[in-house]
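*Asks:* Quick one: the structure is below, questions incoming.
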Amino acid sequence: MGHSSNSSVKVEWIAAVAFAAGTAAVGYLAYKKFFSKGKGCNGMVNLHIQKDNPKIVHAFDMEDLGEKAVYCRCWRSKTFPLCDGSHTKHNDETGDNVGPLIIKRKDV
């Protein structure tokens, strides 16, 4: 009885471990699919603007800005680097909260 009982305990233990590992794997995959912060995103911010450039940089002289300038930070603007309000649609679709960079002259 001792040998048979010991063998069935091992089988039950192996089955329990296999079940727990399978459950953990399914849970992890479900988490990655439904709760991952990068949901629906491959990590790339710039999807289509000047993709032939290794790095996009825009520089402006303060004197050329006028009274106010509004710049895109969501990378979805059709008038990039200026904001065209595309962040509103982006935020609605993704749950993000990005908005433009607004630079204005200080009243003196």
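*Asks:* Looking only at segment 71-108, which residues are surrounded by 17 or more Cβ atoms within 10 Å (Cβ to Cβ) and farther than 16 Å from His48 by Cα?
*Replies:* Scanning segment 71-108 gives a single hit, Pro100.
*Asks:* Please work out if Phe19 is within 30 Å of Ser86 (Cβ to Cβ) and either of a type outside the set (S, T, N, Q) or modelled with pLDDT of 80 or more (or both).
*Replies:* no
*Asks:* Another question about this same structure. Out of the residues in segment 58-101 that are aliphatic (A, V, I, L, M) and part of a loop (DSSP other than H, G, I, E, B), which is modelled with the lowest pLDDT?
*Replies:* Here the residue is Leu65.
*Asks:* Another question, then. Give the residues of segment 22-57 that are among the hydroxyl-bearing types (Ser, Thr, Tyr) and at pLDDT below 80, sorted by residue number.
*Replies:* Residues satisfying the conditions are Tyr31, Ser36.
The values are calculated or read from the model by the stated rules, or taken from the named source; none is laboratory data. The shown structure was predicted, so the numbers you read here are calculated from the model rather than taken from an experiment. Cβ coordinates were reconstructed from backbone atoms using ideal geometry, including for glycine residues, and neighbour counts include every protein chain displayed.
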